[in-house]
Ligand SMILES: Cc1ncc(COP(=O)(O)O)c(C=O)c1O
């Protein structure tokens, strides 16, 4: 072991397991040991993959579609994704504008890997999705988290972005709707941010993985907001959250053909291709009827209304979510009262004393906060809020 440790590079020595996955695993283990645990840590829908999508996967196995495919994904799937977004964004996209991978996550990593030179800066708002900072570090870039305020719904502002830019800034990474706050940016906010990105000559990577989960409004993509945005924007999304397909591992990037070509070459060396079975299932999702997405969104919307009402009664400051399936709240007041250091300690006490698992805000760059996921049954949510009330009372 010493030999390996002594020869491991800086990336290997410093990389840590994803904190959100680690908490979910702990909750699962305690449950398996027979403890009465309600886990609100899930980063994935609790619904089943829609039947017609799952069936397409089973058919693929039976038909022997169990091979390597073209590196950027099967042409039919790339074309189907291009068609969906051409219609959604009112612009012409082709299969050559789409690279499919094993989830959105590897694509985000590849993008960091193909664009970053040593110490190039990647800017993203705080709180941020757990893997952004790690990915930038793994690719020898410099993560520049940009502070936000609760008053502003913890959204990045054009002004804050401008102030954080330096000559080394290369990429703006924006997640909309946002994990962990559920914040959703409107067109004006996006446009102001995009203008600053253009002034500072930044590439924009727009992580829109929760695009189908917006409540009481429509999602506005950054990609098609202005005619000049596609020249500097790379959109990343996938079927994980929209179609409850996290385990199938299919995500995609939409970008200029030359970016896609490089991603495909990179992927051909790093992965070969995404799973053919999963690609067939995703194709059924992209070409089939979208009723399942709408009904999942409606169910999430109802849970959100319920959770917001329960949150308001708890009296803890939180961001009013408009998308995704998370609620992010401030634990500092209660921590100060009880002599706890931060959200980590809050979450540990909550888990030990009341059996409710949440993700500490530390995972998202805000240690005194915590994240609730409402990708859980109505019964679990009701029980968890009863326990939280008890815990705080
Ligand atoms: C903000 C954000 N981006 C990307 C991903 C990765 O999604 P995928 O399952 O497609 O890799 C996640 C998953 O939790 C996420 O929350």
Revision key, fill the gap. Of all strands (runs of 3 or more DSSP E) fully inside the range 35-154, the set with 1 or more residues that are surrounded by fewer than 18 Cβ atoms within 10 Å (Cβ to Cβ) and free of Cβ contacts under 8 Å to residues at least 60 places away in the same chain is 142-146
Exercise for review: Identify, from the list 245, 296, 286, the residue that is under 20 Å from residue 71 (Cα atoms), touching a residue at least 24 places away in the same chain (Cβ under 8 Å) and within 16 Å of the ligand (Cβ to nearest atom).
Suggested key: 286
Exercise for review: Keeping to the range 312-353, report how many residues are out of contact with any strand residue (DSSP E or B) (no Cβ under 8 Å at 6 or more places or on another chain) and either within 16 Å of the ligand (Cβ to nearest atom) or closer than 21 Å to residue 215 by Cα (or both).
Suggested key: 3
Exercise for review: Determine which member of the set 187, 166, 221, 240 is more than 16 Å from the ligand (Cβ to nearest atom), modelled with pLDDT of 95 or more and within 25 Å of residue 305 (Cα to Cα).
Suggested key: 187
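Have a look at 78, 88, 13 and point out the one that is more than 23 Å from the chain's Cα centre (by Cα) and more than 16 Å from the ligand (Cβ to nearest atom).
13
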Review point. Can you find a residue in the range 124-137 that is within 15 Å of residue 173 (Cα to Cα), more than 16 Å from the ligand (Cβ to nearest atom) and assigned by TED's automatic domain parsing to the domain that holds residue 240?
Key: yes
Review point. Is it true that residue 214 is within 16 Å of the ligand (Cβ to nearest atom), buried (at least 19 other Cβ atoms within 10 Å of the Cβ), within 18 Å of the chain's Cα centre (by Cα) and farther than 23 Å from residue 54 by Cα?
Key: yes
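The values are calculated or read from the model by the stated rules, or taken from the named source; none is laboratory data. Here the structure is a predicted model, which is why all the values come from computation and not from measurement. Glycine gets a Cβ as well: all are built from the backbone with ideal geometry, and neighbour counts include every protein chain shown.
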